[in-house]
Structure formats: structure tokens, C-alpha cells
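Some notes on the structure that comes next.
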């Protein structure tokens, strides 16, 4: 164990020292590269923003970062697990908090470490900071001073003040408590709770349990001095609220018959003998960090029926404040809340509890080593990396703030707000919204060749929830249903999707005979056709599309791209006047959305093929509401080289302009020239391309695939596609790296393409 700790210590030190030092930094949000921009950002233009705030202080949220800026403040007197280490030594913790705010909720943070232990002086210092921040997160301030500081600041300040050690812990405990009761089938007023630790977090947790319906007289408390009873003279006002008229003086005397133990004290406080004397299916929240009051394995050794939670990540049911504070502040900031009140906290509790009762998200599954957990004794609360936390918690908090009357900027449309939050979680959301909306308007049948794959099944849950398409899964029904059950998904065959049984579908004879008729002059025998149709799910999917039994298909999560493409081309003809298929892949990053062509199909296309694929890609960009700005890329810049590759791109440009004179396209050029208009104007002032290109057409497959992947990885981008073009039916080949979100996105794209093709066929009929 000691060697493990030493390894962890060294890794943590290396992590913090890695350049740049620390975990957070400040970056500009506006461009300042010209004299004009400098005059807007600072003098004289900044004066107009100042005058506007004088006129209406609420505009500070529009003109400055204040509406999205939280101060994480400590004096370092009670750093978790470390004690009174002082403000300077507490700074790594505060930076870590800031990183989580930004990572999980997009909230900016300044960490402020204050060298002051006098609560009155500390209050004055923090209160004076109100003009700078939209909210205050108090951290690691010792009790009882923390109660005084928070209460007074809440009274003095007109922005949310939240002591996470108290209320963050209480919110997570409250959510886990509600779900633990649901597991054992009891109600809050039916249980006896024994609580150890009556510091800031302990008092807040007890208050939360009372808010959730536990009678105060059902809570028994013990602290370092023993049972909190009415005869003690050392109790502060918070402890006195929970003092009992009793002769019991030790934890051992009050544990008998307890339904629940909540520990926020220290290691060893609860013994196995005490656990034995609790009721059946006891609930044990041993939350002391880093060592709990009793280790879960010791509990399970004497009470296998116990439900156990700790504060540690190496055991199930981790009570982790990261589940709460980023999303609580997100909702509060977005409605301009003046306070974080009880209604907002309870809304957060219920949203966390509700989310745990749903299936795990694919992101959370990946984050935790592929482990799928479902609601029950070992899964009471969601995992911190569940992307749904932002949408569900923040919107619940925002609604509670508005309904309780503390929102200065109430939202007009909560569904639009949820969509905005979803866009932050899934950066494809903004690009995909018009596609999703159109897909829902006329649900199409989409067949999935790899219908047994977990990624597909998780995607189908989203697709069913959003009503994007009617899925058809190719696979073995028993396998599909067992995996759905194991992952605790809510989808059901016949209700949310249908299955094409790859082993015994009644259409098998029709399928192989059709396949044979299409390929008999290419060496495929009847026996060969039977074998291929029986074993190649992509072939079945393409045949279904050919026969009109599906409107679109997705394949590619298993196997090689070109093999899948060959099967599709064997069955589905190309579009009229198209000589070869091509593939386009998008990257969405902080700079926008960019598409690359051809990333997967044609190794070395000629000028005609490049022109064809470019025109098809431009049409599809408009599907996303993106006006195409096309750059034909090369190692040559507007004729600087005369070799065959550069000449090919110039010839492609001529063909494109002849066929689509209104398309904004230019070439041949370097990639930086395409991206930067200033460079382009300097080199080629008569360019017909204005602004930044968004469709990059490469001279060959190597360049396109490398460019796409480098851009995606180095910019932390999100992939969209590949989108197969040129085939007469909506057929798309994914890659083994495809995520659930990518499958969902491509389903919507395929469905909308099916809608467009159906409309075109109807018009031409």
C-alpha cells in the first residue's frame, strides 16, 4: 500500500508541475490583433461599456465575464483530509475546484486564498468582492466559523453564496438517501438515523435529511465528545437543534435498531459489532476521507445485505460533490439568481436521484473502464462523468430559482435552455439541431448492420427517446435482448425497434436470390450468395434498403471500411451522373465546424472526381445550415508549382466553377491560406473565397484523412461522419472508433437524406 501511495504522490506532483504550472489559466475571449480591436477592447471604446453598466447594472452580465464568473474562496483552515494548512497550501485544491467548474459546466473561476481567520474580517473581505463575481463558492473554512461566514454573506450579498463542504455534501447525501430508501422500500419518516460528526458537513446533511421528510426526533447524533444530548453545555446553536433528552453517552449505546448510519467523522468510528445490531438491509454512509468510519468489505463481511456509500472512488456509491456544485451554479448563474435557496438544493437532490434510476450514459461507462451499472444497492447516484448531469441538474435548479422568485433574469423557454446546455455537452448539438428537428418531422426506417453492438444499442436508446428514426437491428434476438437487459436500457423490441434475425429471418431466401441475381455475372454462385447473405450483415442491410424495407442504413462499427463499401456498391447503384463515391468527415472544435474531403474512399481521385465530390459535399453542408466556403488544398499556392498534383486541383476548380458558378470556391492553396483571410488577401487579393474556409478538399485520400485526424485530435475536436456520398440510397459507413453520439448524429443525417430523396422521387414521379 505504501508503495502505491508513493507512486500516486509522485504522479500527482509531476502532474501539478507540468508546464504551465498549476491547473487553470486566464485566456482572452475576444480578438485583439488590430488597432481597431484594441480601441474597442480598451480605450476609448471600453468607456461606452462602463457607461452602459452605470445606466443599468444588470448589463454587466452581458458586457463582462461577471455572469459566468465564480470565486472559489478559502482561508485554508479546514482543507479536506489535511486540516488547517493555511491559504497558500490550499491553493492546489482551489485550482482543482476551478478546473471542475470549467470542465463540467463551462464556468470560469478565480480562486482566491485569503490569509484571514477572523470570521468578521473574512466576511468583510469577501463581501467587498461582489462587483467582480456572479457567485461565491466558499471552501474549506472550519466550523463553526463557516456557518457564520456563509449566513452573513447570504444576508449581505445579492449573488449566490454556497459553502460546498456543507451543502454540496448534503445534496449528494440527500440524493443517495432517497434512492437507498427506494431500494429497501421504506419512507423517510419510518427510519432511525445515527449520525457521527457534527461539523459543517454533518449539520448540513442532517438539515437536508429533515427537509426530505425525516423527523428531527428520529436522528441521533454523536460527535467527538459522545452523544449530542440536552445535558451538554458545550454545544453551539447548530448542535443544540439535534440534542436528545437521553441517558446514552456513546455511539455504541444509540446504534441498536438503526436503519441508517451517516458518518462524517473519522476512521474506525463504526465497528462490525455495531453494524450487526442495525436493522435488516441497513444503510451505511461512511463518508470520512480518505479513510471511512468502516471499510465496505468489513460491513459486507457481517451484513451482506447492507447498502454502503463512501467518499472514495474505489468503492461503489461515491458521495462526490463534483456531482453537484458545477451544475448548481450553472443553473443559478443562467437565471441571475440572487441566492441558492432550499428549493434549488432540493431540486438538485431530486434531479440527481432521478438520473441514477436511468441507464448509465455511454460516456460514464467509458470513463469507468466499460463497467455498466444499474440502479440498485451499488448504484445509488450517477457517476461524475455522466454528461446528462449538466442538462438535468442545471435546468432543474434554474426552474426552482424562477419558481421561488429569486431569478433576476428568468428564462422564457426552458426547453431552449436545455438544448443550449446539451450543445455544451455535445458540441455537435448546435450543428445538428436543424437536422434533428427535420428527422423528427418524418421518422424514417434506419437499419443497423451491427445491431448487437453495445454502442448501437445505447444509441438506439437516445434515438428512441428523441424519436429520430424507427430502428431496425440486424442480429440475434437473444443476444440483443440480453445486452439490453445487462445495460439496463429501457428500449424494447417491437415497441422502440424491430429485429431482423440474422439466423432465421423468413426473407432469407428472397434475400440470397436477389443478391445472386445482382452478382451472378461477377462470379457469385447460388451457394456463395447463401453464405454471404447468411454471414454479412452489411449485405442484408443493403438488400433491405434495395427492396424498400428500410430507408437508410448504418454500418462500420466492426470490420474494414472498404469491405463494407464494396458490399454496398455491389447492391446499390451510384447516383445519376456520379462516377465514384466519396466520403466527407466533419470536425467540430472551438473554432467552428470544418469538413474534409475525401477522407475514406478514393485513394487518388482525378479532377473530375474531385469536382463531383465537392459539389455533393457543398449540398450536404447546406443540410446543416452551413453556407459552404470551399478551399481546394495543395502544396501549391495559386500556381506557385506546376506539377501534376497542383494542376489537378486547378483543373478541378475549373470544372466546379463551370457547374456551380454561384459556389464560393477557390484554389489551389495552402491550408493556412484557406483558414486565414489575411494571408489569402496578401497572396491573392482577387480571391473569390471570403472569410474562413469550412470545406477543405484535398488532392488525395492520404492528405484528407491525415488532415482530418490531426485537426480532430490536436484541437480536441468532435467528429461528424464519415458521410458517404454518391450512392443512390442513404448508406453510411462508420468506423470502429464511432461513439454513441456519432451514431445518433449519423442516424439523423441518414434519416434526413432519406426524406430529401423521397421528396425528389415524389416530384419526379
Between residues in the range 297-309 that are in contact (Cβ under 8 Å) with a residue 40 or more places away in the chain and residues that are part of a strand (DSSP E or B) and surrounded by fewer than 24 Cβ atoms within 10 Å (Cβ to Cβ), which pairs lie under 8 Å by C-beta distance while being six or more apart or on different chains?
309/318
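So that you can scan it fast, the table gives a plain yes or no per residue for (1) touching a strand residue (DSSP E or B) at 6+ places or on another chain (Cβ under 7 Å); (2) in contact (Cβ under 8 Å) with a residue 12 or more places away in the chain; (3) under 30 Å from residue 441 (Cα atoms):
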{"residue": "470", "(1), (2), (3)": "yes, yes, yes"}
{"residue": "477", "(1), (2), (3)": "yes, yes, yes"}
{"residue": "490", "(1), (2), (3)": "no, yes, yes"}
{"residue": "514", "(1), (2), (3)": "no, yes, no"}
Kindly establish whether residue 194 is touching a helix residue (DSSP H, G or I) at 6+ places or on another chain (Cβ under 6 Å), in contact (Cβ under 8 Å) with a residue 12 or more places away in the chain and part of a strand (DSSP E or B).
yes
Is there a residue being modelled with pLDDT under 90, surrounded by fewer than 23 Cβ atoms within 10 Å (Cβ to Cβ) and part of a loop (DSSP other than H, G, I, E, B) anywhere in the range 318-335?
yes
Could you give every pair whose Cβ atoms fall below 7 Å, whose first residue belongs to the range 39-66 and is free of Cβ contacts under 8 Å to residues at least 60 places away in the same chain, and whose second residue is outside any helix (DSSP H, G or I), counting only separations of at least 6 or pairs across chains?
39/45; 41/30; 41/32; 65/108
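Do the conditions hold for residue 689, that is, is it modelled with pLDDT under 90, in the same structural domain as residue 613 (by TED's automatic domain parsing) and either over 11 Å from residue 632 (Cβ atoms) or under 37 Å from the mean Cα position of the chain (by Cα) (or both)?
The answer is yes for residue 689.
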Looking only at the range 226-241, which residues are under 42 Å from the mean Cα position of the chain (by Cα) and assigned to a loop (DSSP other than H, G, I, E, B)?
241
Test of understanding: among 344, 274, which residue is over 27 Å from the mean Cα position of the chain (by Cα) and outside any strand (DSSP E or B)?
274
Is there a residue being more than 22 Å from residue 229 (Cβ to Cβ) and in the same structural domain as residue 200 (by TED's automatic domain parsing) anywhere in the range 247-267?
yes
Given the structure, is residue 632 assigned to a strand (DSSP E or B) and either over 19 Å from residue 719 (Cβ atoms) or not assigned by TED's automatic domain parsing to the domain that holds residue 438 (or both)?
yes
Exception for residue 404 within (1) surrounded by fewer than 16 Cβ atoms within 10 Å (Cβ to Cβ); (2) in contact with a strand residue (DSSP E or B) (Cβ under 8 Å, 6 or more places away or on another chain) falls at (2)
Criterion (touching a strand residue (DSSP E or B) at 6+ places or on another chain (Cβ under 8 Å) and either under 29 Å from residue 94 (Cβ atoms) or in a helix (DSSP H, G or I) (or both)) met by exactly one of 71, 47:
71
What pairs come up if the first residue lies in the range 8-34 and is farther than 18 Å from residue 111 by Cβ, the second is surrounded by 10 or more Cβ atoms within 10 Å (Cβ to Cβ), and their beta carbons are under 7 Å apart, counting only those six or more places apart or on different chains?
30/41; 31/37; 32/38; 32/41
Only one of (1) in contact (Cβ under 8 Å) with a residue 60 or more places away in the chain; (2) in a loop (DSSP other than H, G, I, E, B); (3) under 20 Å from residue 215 (Cβ atoms) fails for residue 262. Which number is that?
(2)
Residues being buried (at least 18 other Cβ atoms within 10 Å of the Cβ), in contact with a helix residue (DSSP H, G or I) (Cβ under 8 Å, 6 or more places away or on another chain) and closer than 30 Å to residue 422 by Cα: count how many of those fall in the range 98-136.
12
For the range 74-90, give me the residue count where each residue is touching a strand residue (DSSP E or B) at 6+ places or on another chain (Cβ under 9 Å) and not in a helix (DSSP H, G or I).
6
The residue that is nearest to residue 695 (Cα to Cα), considering only those in the range 636-670 that are assigned to a loop (DSSP other than H, G, I, E, B) and under 38 Å from the mean Cα position of the chain (by Cα), is 663
Need the failing condition index for residue 692 against (1) more than 29 Å from residue 537 (Cα to Cα); (2) touching a helix residue (DSSP H, G or I) at 6+ places or on another chain (Cβ under 7 Å); (3) buried (at least 20 other Cβ atoms within 10 Å of the Cβ), just the number.
(3)
Exactly one condition in (1) surrounded by fewer than 19 Cβ atoms within 10 Å (Cβ to Cβ); (2) in contact with a strand residue (DSSP E or B) (Cβ under 9 Å, 6 or more places away or on another chain) is not met by residue 466; state its number.
(2)
Kindly indicate which of 198, 182, 222, 204 is at negative phi and surrounded by fewer than 24 Cβ atoms within 10 Å (Cβ to Cβ).
182
For the range 213-225, check the following and say yes or no: at least one residue is at pLDDT 90 or above, over 22 Å from residue 252 (Cβ atoms), outside any loop (DSSP other than H, G, I, E, B) and out of contact with any strand residue (DSSP E or B) (no Cβ under 7 Å at 6 or more places or on another chain).
yes
If only one of 623, 619 is at negative phi, more than 28 Å from the chain's Cα centre (by Cα), in the same structural domain as residue 693 (by TED's automatic domain parsing) and modelled with pLDDT under 90, which one is it?
619
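The values are calculated or read from the model by the stated rules, or taken from the named source; none is laboratory data. The structure presented is a predicted model; accordingly, all values stated were derived computationally and were not measured. All Cβ positions, even for glycine, are placed from backbone atoms using ideal geometry, and neighbour counts span all protein chains on display.
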